[in-house]
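Working notes, beginning with the structure itself.
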Amino acid sequence: MTQSIQSSSLNYIIYDGECIYCNNYVKLMSLKETLGKIDLVDARSNDPRVKAAKDLGINLDEGMVASISGEIYHGAQAVYILAQLSSKSNFLNKLNHIIFSNRQMANFLYPLLKFGRRVTLFLRGRKLIG
């Protein structure tokens, strides 16, 4: 997806702040080491970038959004690009890079990650973003 969302920072990730996996994933990736400034945006917030993503037709229950240098990536594409850019400074980042920097693997595994998120939200009594 090559559309852009106007923002003060070209680098940001929109993720589900209620999902413990999403929260941990964006915090553990150490993207600041490779990208510099990157904003972490909770998809359940009133941040204008969330509204802009929805206005573009992006379903945030179907995946996170990564805006890197003004380019928008969603779902498996987002995980793939983030794996390409993440620091390899620790074991989890190296593992993330090995698994998700392969486009076919990212496309194959992302639906499983979405399913795990939905199950976890259900078990924790949380609703989908909607």
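Computed from the coordinates by the stated procedures, all read-outs in this text should not be read as laboratory data. The shown structure was predicted, so the numbers you read here are calculated from the model rather than taken from an experiment. Cβ coordinates were reconstructed from backbone atoms using ideal geometry, including for glycine residues, and neighbour counts include every protein chain displayed.
A few remarks follow.
- Charged-residue dipole, Cβ positions (Lys, Arg, Asp, Glu), the chain about Cα centre, Debye nearest 20: 300
- The charge dipole of segment 26-84, taken about its Cα centre with unit charges on the Cβ atoms of Lys, Arg (+1), Asp and Glu (-1) only, comes to about 140 debye.
- Debye-formula intensities of the chain, expressed as log10 I(q)/I(0) at q = 0.11, 0.13 Å⁻¹, are -0.34, -0.49 (one equal scatterer per alpha-carbon, no solvent).
- Note on LEU112 and ASN90: their simple-model spin labels are 2.3 nm apart, each label 7 Å out from Cα toward Cβ.
- Relative contact order [Cα under 8 Å, 6+ residues apart], segment 56-100, whole percent: 25
- Antiparallel bridge percentage (DSSP; both residues within the chain; nearest 5): 65
- Listed by chain and number, the lysines whose alpha-carbon sits under 24 Å from that of LYS51, ignoring those within fewer than 8 places in the same chain, are LYS27, LYS37, LYS114, LYS127.
- Charge-dipole axis of the chain as Lys and Arg at +1 and Asp and Glu at -1 on Cβ define it, positive-most pick from TYR80, ILE20, LEU40: ILE20
- Once the chain from LYS127 to LYS37 is taken as fully extended at 0.36 nm per residue, the excess over their C-alpha distance is 29.4 nm.
- Couplings for segment 78-86, taken from phi via the Karplus curve 6.51 cos²θ - 1.76 cosθ + 1.60 with θ = phi - 60°, read 5, 5, 4, 5, 5, 5, 5, 9, 5 Hz in order; Gly and Pro are left as x.
- Among PHE91, PRO111, GLY63 the positive-end extreme of the charge dipole of the chain (Cβ point charges): PHE91
- Neighbour-limited loop hits for chymotrypsin sites (Phe, Trp or Tyr not before Pro), segment 42-130 (at most 14 other Cβ within 10 Å; DSSP other than H, G, I, E, B): none
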